[in-house]
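The values are calculated or read from the model by the stated rules, or taken from the named source; none is laboratory data. Remember, predicted model here, so these are calculated numbers, not experimental data. Here Cβ is always computed from backbone atoms with ideal geometry, including for glycine, and neighbour counts include all displayed protein chains. These accessible areas exclude ligands, DNA and RNA; they are computed on the full protein's heavy atoms, side chains included. Shrake-Rupley method; radii C 1.70, N 1.55, O 1.52, S 1.80 Å.
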Amino acid sequence: VDPSQKYEEKRFLVYDETMQRERIMTEIEIGSEKEIYDILILHRENKMYIVDFKTKKCNITAISRPFRPRGVIPGAKFEGEVVIGAAAIPNEHVNVLAFSGNFTGEAYTGLVSSPDCFPIQNIHFSQKYGFEQSTYYDLKVGISDPELFIPPRECAPPGY
C-alpha cells in the first residue's frame with residue numbers, strides 16, 4: 001500500500017520453499033485503475049511467467065532477484081516472543097516469535113508462529129528494492145494443487 005500514490009496490491013500466494021517456486025495471483029489498484037496478473041516464478045529455472053488477465057498476453061523473463069524464504073531467513077537473530085490473544089484460554093491465542101537481521105545492503109524483521117513457524121509478517125528494506133512488507137493469513141500446510149507450478153497455457157509456444 002502506498003496512499004500517496006493511491007497504490008494497493010493484494011496477492012494470493014502458493015509457495016514451495018523446497019523447490020523455490022511461487023504462484024501469485026495479484027490485483028493492483030492505482031487510483032481508479034485495476035490490473036490483475038497471474039505470475040509463476042520458478043527460481044531454479046530462473047524464469048518468471050506473467051500473464052495479464054485483461055490482454056491474456058504472457059511475458060516470460062529472467063528473475064531479477066534471489067529467492068527469499070517467507071519464514072525466518074537464514075542468519076536472522078531471535079529477538080523475542082509475544083502472545084497475541086487470550087493467553088489463558090486454550091485455542092484463543094498464538095505464540096509469535098520475532099527475528100531480525102542486517103545483511104549486506106538489506107534489513108529484515110520477521111514474525112512467525114510458534115511452534116509451527118508459519119510466517120505472519122515479513123519486512124525487508126534494501127537500497128535496491130526499497131521497503132517491502134508482507135502480511136500472511138489463511139495459511140495452509142502443503143501444496144493443494146501441484147499443477148499450479150506448471151507454466152500458464154497462455155505462455156505455451158505456438159502450436160503446443
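May I ask you to list the residues in region 26-52 that are at pLDDT below 95, hydrophobic (A, V, I, L, M, F, W, C) and open to solvent by 30 Å² or more (accessible area, probe 1.4 Å)?
Ile30, the sole residue that qualifies.
Please work out if Glu9 is of a type outside the set (Val, Ile, Thr), within 15 Å of the chain's Cα centre (by Cα) and open to solvent by less than 40 Å² (accessible area, probe 1.4 Å).
It is false that Glu9 is of a type outside the set (Val, Ile, Thr), within 15 Å of the chain's Cα centre (by Cα) and open to solvent by less than 40 Å² (accessible area, probe 1.4 Å).
Name every residue in region 33-88 that is within 19 Å of Arg11 (Cα to Cα) and touching a residue at least 60 places away in the same chain (Cβ under 8 Å), in order of residue number.
Scanning region 33-88 gives Asp38, Leu40, Leu42, Tyr49, Val51, Lys56, Cys58, Arg65, Arg70.
Among the strands (runs of 3 or more DSSP E) lying completely within region 1-59, list those that include at least 2 residues that are over 20 Å from Thr135 (Cα atoms) and not hydroxyl-bearing (Ser, Thr, Tyr).
33-42, 47-52
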